[in-house]
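Worksheet: the structure to be examined is printed underneath.
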Amino acid sequence: MAFWMDQMTRGWLIYELTDSTVQLGLVRGVQAIPILLLSPIAGSAADRYSRKAQILISQTIDGSMFALLALLIVTGEIQPWHVYVTAFGMAAVQTFQQPARAAIISDVVPTKNLTNAIGLNSIIFNVARSTGPALAGILIATLGTGGAYGAQAAFCLLANFWTLRLRAPVGTLDAAHGSHAHGVSFGRSIIEGWKFSWRNETVRTALVITMLAPLFIVPFTTLLPVFARDLLHVGATGQGLLLTAMGIGALGSAVIIATFGDHMPRGLFMLGGVALYGVSVVAFAASPWFEFSMFLMVIVGFANVCSHALVQTVIQSYSPAEFRGRAIALFHMGQVVMTAGSMAIGWLAALFGTVGAVLVMGSAGALAMAAIHVVLPRAWQIR
C-alpha cells in the first residue's frame, strides 16, 4: 500500500511544487543512481545474509522517510529538493529490499509451484495496487499530500509487524544462502552472478525483455498527473482512479497466473504481454474520454503484470538457489532503465507535448517485442 501510494503522491507533490513535466521525469531519474550502483551489491547480499532482516531494515527506513515528508509538508517547509533527496533514499533502500523479498518466495515454495506462487504474490501486490492510488487520491483531495505520506508511514509500521511474525523452515529466511557465496569476495560474487545470467540463454532473454519494457512503455505513468489534471480534467482523485483501474487489470492477470501459471507458455505471454502493453498505452495517449481511458488502464495493468510476473518466474526457475538473489537483482535493475525512460519521456513531453511523447514511446516498446521475435526466435518457446 505504501509503495503504490508513493507512486502517485510523489509525482503529484513534485508537479504541485514545480508545475513542470521535466521535473516529473527528473524525480524518477534520480532514483536510477542508487539502483545502478547498488543493485549488484544488493543481489550478492541477498545470497549471503538473512533476507528477512534486510526486509525489516528497509521497511523501517522507508517509514521514517515517509514520516519526515509528512512533517515537512504539514509544517509548510517542503521544498522540491526534499522530494529529490527522499526519492534517492527510497531507491537505495528498495534496491536492497527487492532481491531479498523476491528470493524468499523461491526459498519456501517447490519449483513446480513457483509460477503459481509468484502469481499469488502478484494478487496480494495488486490488491494494494488497486486500492493504494485511490486511497492516496482521496487523502490528497481531503488532507493534502501530508496526510497521504502519514498514511504511508503507518503502512510501513504494519508491514514490519507482520514481517516479524514471518516463520519458515530453518535454513531459509533466517540463514545465509549458499556457502559458496561466503567463500568469495563481494566483487567476485557479483561478477559470477553476471556471468551466469549472460551465459544462460533463457535468463538472458528474460532480462532483455525486462530492460526494453521499462525503457519504452512503463514510463508513461510518469506523465499521469498531466493527463489527470490538464488533459482529462479529473484531478488527483481521477488520477487515483486511473491507477486503480490499472491495478484491477493487474489483479485479474495475477489471478490467472496464480491459477494456471505452470501450464502457461511463458515465452509467448512474456512477449505478447509487453506488445499488448505498448499498444494499449498508445491508445490511452490518444483517448480524450476519461471512461475510455479507465477501460484502457485495465488492459494496461493486465498486460503489464502478465509479462512482468512471467519474466520473474522464468528468471527464478532457471537460476539455481546460489545465484537467485543476484539474478533477481539484475531483473530489478530494469528500474534503472525505467527511470532513464521517465527522464526521456519528460523531456519529450516538454518538447513535443504529453500525448506525442507517450505515442512515440509506446509504439517503440511494441515494435521492440517484434524485434526480439526476429533476433531471438526461441524466446517464444520458453516454458
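The table that follows gives values for the structure above.
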| item | result |
| --- | --- |
| Hits in the stretch 199-223 - residues which are more than 17 Å from Gly362 (Cβ to Cβ) and part of a helix (DSSP H, G or I) | Arg199, Glu201, Thr202, Val203, Arg204, Thr205, Ala206, Leu207, Val208, Thr210 |
| Residue ID - farthest from Leu17 (Cα to Cα), chosen from residues in the stretch 164-197 that are at pLDDT 80 or above and surrounded by fewer than 16 Cβ atoms within 10 Å (Cβ to Cβ) | Lys195 |
| Some residue of the stretch 324-343 being more than 18 Å from the chain's Cα centre (by Cα), of a type in the set (Lys, Arg) and not in a helix (DSSP H, G or I) | no |
| Per-region count, the stretch 10-66, residues of a type in the set (D, E, K, R) and either closer than 23 Å to Ala329 by Cβ or modelled with pLDDT of 90 or more (or both) | 6 |
| Residue within the stretch 304-322 that is closer than 19 Å to Val358 by Cα and touching a helix residue (DSSP H, G or I) at 6+ places or on another chain (Cβ under 9 Å) present | yes |
| Residue check, Leu271 in contact with a Ser or Thr (Cβ under 6 Å, 6 or more places away or on another chain) and modelled with pLDDT of 75 or more | no |
| Tally of residues being part of a helix (DSSP H, G or I), without any contact (Cβ under 8 Å) to a residue 60 or more places away in the chain and not polar (S, T, N, Q) across the stretch 95-113 | 2 |
| Failed item, numbered, when Leu37 is tested on (1) within 22 Å of Ile191 (Cα to Cα); (2) buried (at least 20 other Cβ atoms within 10 Å of the Cβ); (3) not small (Gly, Ala, Ser) | (2) |
| Residue count for the stretch 245-254, restricted to those that are crowded, with 22+ Cβ neighbours inside 10 Å and either under 8 Å from Arg129 (Cβ atoms) or without any contact (Cβ under 8 Å) to a residue 60 or more places away in the chain (or both) | 6 |
| Selection count, the stretch 1-33, where residues are within 15 Å of the chain's Cα centre (by Cα) and over 21 Å from Ala128 (Cβ atoms) | 2 |
| Residue in the stretch 317-324 that is touching a Leu at 6+ places or on another chain (Cβ under 8 Å) and modelled with pLDDT under 80 present | yes |
| Pair list, Cβ < 7 Å and 6+ apart or interchain, from the stretch 126-148 residues that are under 26 Å from Phe302 (Cα atoms) to residues that are among the aromatic types (Phe, Trp, Tyr) | Ala128/Trp4; Arg129/Trp4; Gly132/Trp4; Pro133/Trp4 |
| The stretch 285-307: number of residues that are over 16 Å from Asn116 (Cβ atoms) and within 20 Å of the chain's Cα centre (by Cα) | 10 |
| Test: residue in the stretch 60-80 that is under 20 Å from the mean Cα position of the chain (by Cα), assigned to a helix (DSSP H, G or I), buried (at least 23 other Cβ atoms within 10 Å of the Cβ) and acidic (Asp, Glu) | yes |
| Residue within the stretch 40-53 that is of a type in the set (Gly, Ala, Ser) and assigned to a loop (DSSP other than H, G, I, E, B) present | yes |
| Conditions (1) within 17 Å of the chain's Cα centre (by Cα); (2) not basic (Lys, Arg); (3) not in a helix (DSSP H, G or I); number of the one not met by Ile315 | (3) |
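The values are calculated or read from the model by the stated rules, or taken from the named source; none is laboratory data. Here the structure is a predicted model, which means the values were calculated and not measured. Neighbour counts are summed over all protein chains in view; Cβ atoms, including those assigned to glycine, are modelled from backbone coordinates with ideal geometry.
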